[in-house]
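J.: First, the structure itself, so that you have it in front of you.
The values are calculated or read from the model by the stated rules, or taken from the named source; none is laboratory data. These numbers were taken from a predicted model, which means no experiment stands behind them. Backbone-built Cβ (ideal geometry, glycine too); neighbour counts: all protein chains shown. For accessibility, only protein heavy atoms count, side chains too; no ligands or nucleic acids. Shrake-Rupley method; radii C 1.70, N 1.55, O 1.52, S 1.80 Å.
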Amino acid sequence: SNRVANYLVGQGVKSGDRVGLCLNRSLEMIVALVGTLKAGAAYVPLDPDYPADRLSMMVEDAGLCCLLSHAAHSRLFDDALVWENIESELAGQSTKAVNVEINPESAAYIIFTSGSTGRPKGIAMPHRALSNLIEWQLERRSFKSGARVLQYSSISFDVSFQEIATTIASGGTLFLVSNEVRKDPRRLLAQLIDQDIERLFLPYVAMRSIIEAAHMTGVYPVALKETITAGEQLRVDPVVRDYFKKIEGATLDNQYGPSETHVITANLLEGDPDAWPDLPSIGTALKNCGTCILDENMQPVQEGAVGELYLAGRNLATGYIGREDLTQEVFIPSPFNVPDRPLLYKTGDMSSYKPDGSIEFLGRRDHQIK
């Protein structure tokens, strides 16, 4: 990764620039991602399975200074730096770290929304937010340093950063998985078992498919002590309970956060799965973060009353690149005088506070499917 960073600097990449990555799920993908960050630039993932016009739009909106691509995908872009063609140059680069100064407000990555509600928006997530998230995750009581972690998510989805960075930062081992295995629950279950995977991040629907495969085959990933789910509402039914009872000491961490904040609340389920609620809450805010549930007059609601969830604190993105009007619509000045929390992110998610102070997710206020 130091060689990649030195190569990028030699290509004119400066701190704060943006580098596109269109690489297969491979060692090179991880090395390029880390090398881009070490060069002081933000990485912009470009999924080769996306339509060509969407990729073109993303490249244009991101304002890339350069783009790294495997040869198989280079035809999708103009002037891509093809990994296979630059390998000899990379091998000749210094292995010493690049001496660059990184502003905490500079973007570490730019990830685009799905575009389900219009033109996709590029979310600039700063080092300030991501370092706070990683520090929190490393301090989580369920977190094991040196763990074997399946790198399941596409780097086009924000959870991949959490997978990769927390594993590297804690001396763990990343195990890559092919797209074919990702889509086949039985093969995915077999990889979890064969490689003694200890931590797994994935959405509820994918977790459920693995659970069902385990029930059908009668084999369970007994080394998998940490499952972290996000992106969809978690449901704990008898099938889910039975699965977690089969894995001694297993925990299930229900994490929540739109792409504009990455993870910002969490609820750790541990102990006897029979005691877990059917619809677990999304928990409480991470350190240096805050939540508030407001009515239509921007006033806090009482416990149990329904309102819209607003988020604040260190994990907020800086906004949408080149879309200041949209940024101002959802990153709004806070009406509350709270130090270090001048803005609120308007989620569009309806919620209420439970008696213990945790947040119950109650769906969208609009018709967007999340």
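J.: Restricting to the range 143-166, give me the number of residues that are farther than 14 Å from residue 29 by Cβ and either touching a strand residue (DSSP E or B) at 6+ places or on another chain (Cβ under 6 Å) or open to solvent by 40 Å² or more (accessible area, probe 1.4 Å) (or both).
T.: Of the residues in that region, 8 qualify.
J.: Let me ask something else. Within the range 85-93, does at least one residue satisfy the condition of being among the β-branched types (Val, Ile, Thr), part of a helix (DSSP H, G or I) and surrounded by fewer than 17 Cβ atoms within 10 Å (Cβ to Cβ)?
T.: yes
J.: Which of the residues that make up the range 272-315 are aliphatic (A, V, I, L, M), out of contact with any Phe, Trp or Tyr (no Cβ under 7 Å at 6 or more places or on another chain) and not in a strand (DSSP E or B)?
T.: Passing the criteria: 275, 279, 298, 301, 305, 306.
J.: Filtering the range 316-365 down to residues that are in contact with a Gly (Cβ under 6 Å, 6 or more places away or on another chain) and either assigned to a loop (DSSP other than H, G, I, E, B) or open to solvent by 70 Å² or more (accessible area, probe 1.4 Å) (or both), which residue is farthest from residue 61 (Cα to Cα)?
T.: Among them, the one singled out is 358.
J.: Related question: Which condition does residue 82 not pass, out of (1) farther than 30 Å from residue 261 by Cβ; (2) touching a Ser or Thr at 6+ places or on another chain (Cβ under 6 Å); (3) modelled with pLDDT under 95, if it passes all the others?
T.: If we test residue 82 against (1) farther than 30 Å from residue 261 by Cβ; (2) touching a Ser or Thr at 6+ places or on another chain (Cβ under 6 Å); (3) modelled with pLDDT under 95, just (3) comes out false.
J.: Right, next: Out of 230, 190, 206, report the one residue that is over 23 Å from the mean Cα position of the chain (by Cα), farther than 21 Å from residue 29 by Cα and of a type in the set (A, V, I, L, M).
T.: Sole residue among the options that is over 23 Å from the mean Cα position of the chain (by Cα), farther than 21 Å from residue 29 by Cα and of a type in the set (A, V, I, L, M): 190.
J.: Anything in the range 7-30 that is open to solvent by less than 40 Å² (accessible area, probe 1.4 Å), out of contact with any Pro (no Cβ under 6 Å at 6 or more places or on another chain) and outside any loop (DSSP other than H, G, I, E, B)? List them, or say none.
T.: Of everything in the range 7-30, those that are open to solvent by less than 40 Å² (accessible area, probe 1.4 Å), out of contact with any Pro (no Cβ under 6 Å at 6 or more places or on another chain) and outside any loop (DSSP other than H, G, I, E, B) turn out to be 7, 8, 19, 20, 29, 30.
J.: Right, next: Name the one entry in 238, 185 that is more than 24 Å from residue 137 (Cβ to Cβ), touching a helix residue (DSSP H, G or I) at 6+ places or on another chain (Cβ under 6 Å), open to solvent by 40 Å² or more (accessible area, probe 1.4 Å) and not β-branched (Val, Ile, Thr).
T.: 185
J.: State whether one or more residues within the range 53-67 are within 19 Å of the chain's Cα centre (by Cα) and open to solvent by 10 Å² or more (accessible area, probe 1.4 Å).
T.: Checked the range 53-67: no residue is within 19 Å of the chain's Cα centre (by Cα) and open to solvent by 10 Å² or more (accessible area, probe 1.4 Å).
J.: Checking residue 39 against (1) touching a residue at least 40 places away in the same chain (Cβ under 8 Å); (2) open to solvent by less than 10 Å² (accessible area, probe 1.4 Å); (3) closer than 20 Å to residue 154 by Cβ; (4) touching a helix residue (DSSP H, G or I) at 6+ places or on another chain (Cβ under 9 Å), which single condition isn't satisfied?
T.: (3)
J.: Shifting gears a bit: Residue 219: under 17 Å from residue 181 (Cβ atoms), assigned to a loop (DSSP other than H, G, I, E, B) and open to solvent by 10 Å² or more (accessible area, probe 1.4 Å), yes or no?
T.: yes
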